[in-house]
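Q: Below you'll find the structure I mean.
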C-alpha cells in the first residue's frame, strides 16, 4: 500500500501530540515520515508507559506509527549538517515549537529556505504568532481553559477539564489539512510556505459558538455540569446499570422524545416551545429523562430511544469502549504489535475513510533510533562516519 502521498518526505521534529499526529496523518496516506528525537529519547516516548516504568508510552505508540526513527542532536555542528542534508530531501518539516525554539534549532522558515527554497514548514505552538504570549510554551489544557470551554464544563465550584486532549488532536488535524493545502499550492506555483497551527486557536474554534453568543447577547452563562443550555433534554443520566447521554436538539426530536417518555402534553407546554426555552428549563426535562431510565437496563432504554429516532448513547469505560460491538465491527481500531509489549495495541487509524485511496497503519512506531543507520546511509554517510557520530553523541 503506497498511498496518495507516496514520494513525499516529512521530517517530524514534533513532540507529544499536535506536531507528531499531524505527521502521522500524512504518513497514514503514504508519506515517508522520519521521526527525529533526542539521542537519549524524547520525553514523550515514555509518557503513560505500557510495559513498565520507563517503557514505551501508549501515546507514543498511537501518534508515531508508520514512521521511521532517527536520533539526532541538531544543536551540534555535525547535527546541523545532517539536518541540512535531510531538508534537501524533504517536502515538509513539522515542528511544534515556539518561535524562538525554531530559530535556535535552525528550523525557522528563513533558515530552511536557505537549504531548500520550496520547503513547507508546518509549525504548531501553544499560542501562535502575533500576540504577547507567542513565546510561551503550553499543553492542551492551556487551550481548554483559555477558550472558555473549561469554565462551561463542570460546575461553578469545580471547573472540569476534558480528560482526552481534544485541543491537541484538533490542532494536529487542522495542521495536516493546512499542510495538504500548502502541498497543492506548491504543485501549482512551485512555492513553499509556513503552515501554522496553535492550540489556543483550535480551542477558540471549537468553542466559538459560545463566544459569539456572549459577544452578541452578553448573557454570561454559568456552567451546568452535563446539562445543555441551549436545548433539552441534553444531559448524562443514570440508568439501572450505568449511564447514558441524551441529546435532544430541535422541535421534531423533542416531540418524538415527549411521545416516547409518555408525556405528549410537554409538546404544548410554553416552557418548552423553543430550543432556548427547553435549555432554560432543562433541569425539568432532565428529571423526566432520569425517571424514564431509572432502574432500567441501559440497553433497553437505548433501544427505546433508537426506535423513536432520538439521539442517545451509552457512557463507556475504556474497557467497555474496546468491547463495544459496533466499535469492533468498524475495524477502526487496529491491533499493532510492539517489542516487549504484552499483546497487540488497539491503535485508532485515521478517523476518515476514503473509498478509493484509504490510509492505513503499515507498521508500528519506531524503537529509539531504529532507522538511524539506514537514514544516514541513504544520505551518503558511511558506516565509519556513522560510528564516529555515535561516539560524539550526535546521533
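Q: Kindly indicate the residue of the stretch 300-323 that is free of Cβ contacts under 8 Å to residues at least 24 places away in the same chain and touching a strand residue (DSSP E or B) at 6+ places or on another chain (Cβ under 8 Å) and also farthest from residue 274 (Cα to Cα) among those meeting that condition.
A: Taking the candidates together, the pick is 320.
Q: Examine the stretch 16-25 for a residue that is part of a strand (DSSP E or B), farther than 15 Å from residue 350 by Cα and in contact (Cβ under 8 Å) with a residue 12 or more places away in the chain, and state whether such a residue exists. Don't jump to the end; show me each part of the working.
A: First, pick out the residues of the stretch 16-25 that are part of a strand (DSSP E or B): none.
Within the stretch 16-25, not a single residue is part of a strand (DSSP E or B), farther than 15 Å from residue 350 by Cα and in contact (Cβ under 8 Å) with a residue 12 or more places away in the chain.
Q: To continue, here is another question. Would you be able to say whether some residue in the stretch 313-326 is surrounded by fewer than 18 Cβ atoms within 10 Å (Cβ to Cβ) and on the phi > 0 side of the Ramachandran plot?
A: Within the stretch 313-326, none of the residues are surrounded by fewer than 18 Cβ atoms within 10 Å (Cβ to Cβ) and on the phi > 0 side of the Ramachandran plot.
Q: Next up: In the stretch 87-129, how many residues are free of Cβ contacts under 8 Å to residues at least 12 places away in the same chain and under 24 Å from the mean Cα position of the chain (by Cα)?
A: Counting residues in the stretch 87-129 that are free of Cβ contacts under 8 Å to residues at least 12 places away in the same chain and under 24 Å from the mean Cα position of the chain (by Cα) gives 1.
Q: Follow-up question, since we're still on this one. Output the residues belonging to the stretch 143-179 that are assigned to a helix (DSSP H, G or I) and either without any contact (Cβ under 8 Å) to a residue 60 or more places away in the chain or more than 17 Å from the chain's Cα centre (by Cα) (or both).
A: Result: 144, 145, 146, 166, 167, 170, 174, 177, 178.
Q: Among the listed residues 369, 359, 380, which satisfies the condition of being in the same structural domain as residue 64 (by TED's automatic domain parsing), on the phi > 0 side of the Ramachandran plot and either free of Cβ contacts under 8 Å to residues at least 40 places away in the same chain or surrounded by 15 or more Cβ atoms within 10 Å (Cβ to Cβ) (or both)?
A: Going through 369, 359, 380 in turn, just one is in the same structural domain as residue 64 (by TED's automatic domain parsing), on the phi > 0 side of the Ramachandran plot and either free of Cβ contacts under 8 Å to residues at least 40 places away in the same chain or surrounded by 15 or more Cβ atoms within 10 Å (Cβ to Cβ) (or both): 369.
Q: While we're on this one: Can you pull out the residues in the stretch 174-212 that are in contact with a strand residue (DSSP E or B) (Cβ under 7 Å, 6 or more places away or on another chain) and either surrounded by fewer than 17 Cβ atoms within 10 Å (Cβ to Cβ) or closer than 14 Å to residue 123 by Cβ (or both)?
A: Answer for the stretch 174-212, where residues must be in contact with a strand residue (DSSP E or B) (Cβ under 7 Å, 6 or more places away or on another chain) and either surrounded by fewer than 17 Cβ atoms within 10 Å (Cβ to Cβ) or closer than 14 Å to residue 123 by Cβ (or both): 174, 175, 178, 179, 182, 192, 193, 194, 195, 196, 197, 198.
Q: Now for a separate question. Taking residue 3 as meeting all but one of (1) assigned to a loop (DSSP other than H, G, I, E, B); (2) in contact with a helix residue (DSSP H, G or I) (Cβ under 8 Å, 6 or more places away or on another chain); (3) surrounded by 19 or more Cβ atoms within 10 Å (Cβ to Cβ); (4) assigned by TED's automatic domain parsing to the domain that holds residue 174, write down the number of the exception.
A: Just one mismatch for residue 3, condition (4).
Q: For residue 388, state whether it is farther than 25 Å from residue 43 by Cβ and touching a helix residue (DSSP H, G or I) at 6+ places or on another chain (Cβ under 6 Å).
A: Values: farther than 25 Å from residue 43 by Cβ: yes; touching a helix residue (DSSP H, G or I) at 6+ places or on another chain (Cβ under 6 Å): no.
So residue 388 does not fit the description; no.
Q: Scanning for something more than 26 Å from residue 160 (Cα to Cα) and outside any strand (DSSP E or B), does the stretch 231-250 turn up at least one residue?
A: Taking the stretch 231-250 and keeping what is more than 26 Å from residue 160 (Cα to Cα), we get 250.
Checking which are outside any strand (DSSP E or B) leaves us with 250.
Yes, there is a match, as at least one residue in the stretch 231-250 is more than 26 Å from residue 160 (Cα to Cα) and outside any strand (DSSP E or B).
Q: If you check residue 137 against the conditions, is it outside any loop (DSSP other than H, G, I, E, B) and more than 17 Å from the chain's Cα centre (by Cα)?
A: It is false that residue 137 is outside any loop (DSSP other than H, G, I, E, B) and more than 17 Å from the chain's Cα centre (by Cα).
Q: Tell me yes or no: at least one residue of the stretch 378-395 is at pLDDT 95 or above and touching a strand residue (DSSP E or B) at 6+ places or on another chain (Cβ under 8 Å).
A: Within the stretch 378-395, one or more residues are at pLDDT 95 or above and touching a strand residue (DSSP E or B) at 6+ places or on another chain (Cβ under 8 Å).
Q: Moving on to the next point. Given the criteria surrounded by 18 or more Cβ atoms within 10 Å (Cβ to Cβ), in the same structural domain as residue 107 (by TED's automatic domain parsing), in contact (Cβ under 8 Å) with a residue 24 or more places away in the chain and touching a strand residue (DSSP E or B) at 6+ places or on another chain (Cβ under 6 Å), does residue 228 qualify?
A: no
Q: Return only the number of the condition from (1) in the same structural domain as residue 382 (by TED's automatic domain parsing); (2) crowded, with 17+ Cβ neighbours inside 10 Å; (3) touching a helix residue (DSSP H, G or I) at 6+ places or on another chain (Cβ under 8 Å); (4) not in a helix (DSSP H, G or I) that residue 30 does not satisfy.
A: (3)
The values are calculated or read from the model by the stated rules, or taken from the named source; none is laboratory data. Values in this document were obtained by computation on a predicted structure and should not be read as measured data. Backbone-built Cβ (ideal geometry, glycine too); neighbour counts: all protein chains shown.
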